[in-house]
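Please treat every number below as a calculation from the coordinates, not as lab data. Computed from a predicted model, the values in this text were never measured in an experiment. Cβ atoms come from the backbone with ideal geometry, glycine included; neighbour counts cover every protein chain shown.
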């Protein structure tokens, strides 16, 4: 039977934790490594509702994208949301493994899933963070060409909303047709300059600041903020698939309760 450590090693093989950004806290964050695992829940985040779901399923492990511990914890009490979440994991003896920016950067991870969802071909790296142990460059974001030729921006924007099941988009439409597209799952607005340098006419990411929209308009590049959850949650089926393939005797369930929390009028 698989253990938490076995699952960690498999995720590390597919998306090495050594690739995470310096600010990150990805890895095995809660629990006992030698605990046997019969049921895993995969979710973008570890929330109280996801933990309740895991308890109901009898899961011993939650594998998430966003780290359940990100900033330094000076205390773990019921007085804070993060404290209550960690206490719930500990009290129910549920372990947590979180694959964050390593899963953003690795081939087949978040950004390749995003590029595939938006029908991009000839996909290449958008931003280089470093060189891996095999001597290959790695980094967050992808750039590619829209399959089937270009399309008007508003048609493309509608396709993005449908493909990612986004509750709404914020965008700058410069009037250019969409042909060469950069994508960055999650908060990648700081990579606008990379998208411009790659000759892209369109950049799709999330959590974009006002001044970045201004910069995009001035530079003449279409910019779409499709939301953090929609641009990253697409990796959860892939992550679950990796685990099912590696551990056929373990039940792996994608969270049915975790969803976009942002609504739009």
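What ranking of 106, 50 emerges when the number of other C-beta atoms within 10 Å of each C-beta is taken as an exposure proxy, fewest first?
Lowest to highest Cβ neighbour count: 106, 50.
Bin all alpha-carbon pair distances of segment 107-226 at 5 Å intervals from 0 and give each bin's fraction as a whole percent.
2, 12, 24, 27, 20, 9, 4, 2, 0
Using only the alpha-carbon atoms, how far is helix 81-91 inclined from the longest principal axis of the chain? Give it as 0 to 90 degrees, nearest 10.
Once rounded, the angle reads 40 degrees.
Roughly how many Å is it from the Cα centre of segment 2-50 to that of segment 241-264, as a whole number?
13 Å
Treating segment 119-158 as a set of equal point scatterers at the Cα positions, no solvent, please give the Debye-formula log₁₀ I(q)/I(0) at q = 0.31, 0.32 Å⁻¹.
Computed log10 I(q)/I(0) values: -1.01, -1.03.
Sort 243, 103 so that the residue with the fewest other Cβ atoms within 10 Å of its own Cβ comes first and the one with the most comes last.
243, 103
For helix 210-219, report the angle its Cα long axis makes with the longest principal axis of the Cα atoms of the chain; keep it between 0 and 90° and round to the nearest 10°.
Helix 210-219 and the main axis of the chain meet at about 40 degrees.
What FRET efficiency do you get for residue 119 and residue 38 if R0 is 35 Å and r is their Cβ-Cβ distance, rounded to the nearest 0.05?
0.40
For 255, 263, which order do you get if you count the other beta carbons within 10 Å of each Cβ and list the fewest first?
263, 255
Applying 1/(1 + (r/R0)^6) with R0 = 45 Å to the Cβ-Cβ distance of residue 249 and residue 75, what FRET efficiency is obtained, to the nearest 0.05?
That pair, residue 249 with residue 75, gives E of 0.70.
Once the Cα gyration tensor of the chain is diagonalised, what are the square roots of 5 times its eigenvalues, in whole Å and ordered largest first, as equivalent ellipsoid semi-axes?
So the three semi-axes of the chain are 34, 19, 17 Å.
Would you calculate a helix-derived [θ] at 222 nm for the chain, using -39,500 (n - 2.57) for each DSSP H run of n ≥ 4 and dividing by the full residue count, to the nearest 500?
Value at 222 nm, helices only: -9500 deg cm²/dmol.
Take the alpha carbon atoms of segment 69-135, find their center, do the same for segment 186-206, and report the distance between the two centers in whole angstrom.
20 Å
As I understand it, the value is the acute angle between the Cα axis of helix 236-246 and the longest principal axis of the Cα atoms of the chain; what does it come to in degrees, rounded to 10?
Computed tilt is about 50 degrees.
Between residue 256 and residue 48, what is the FRET efficiency for a Förster distance of 25 Å, r being their Cβ-Cβ separation, to the nearest 0.05?
Calculated transfer efficiency: 0.95.
Subtract the Cα-Cα distance of residue 84 and residue 23 from 0.36 nm times their separation in residues, and report this length gain in nm to one decimal.
19.6 nm
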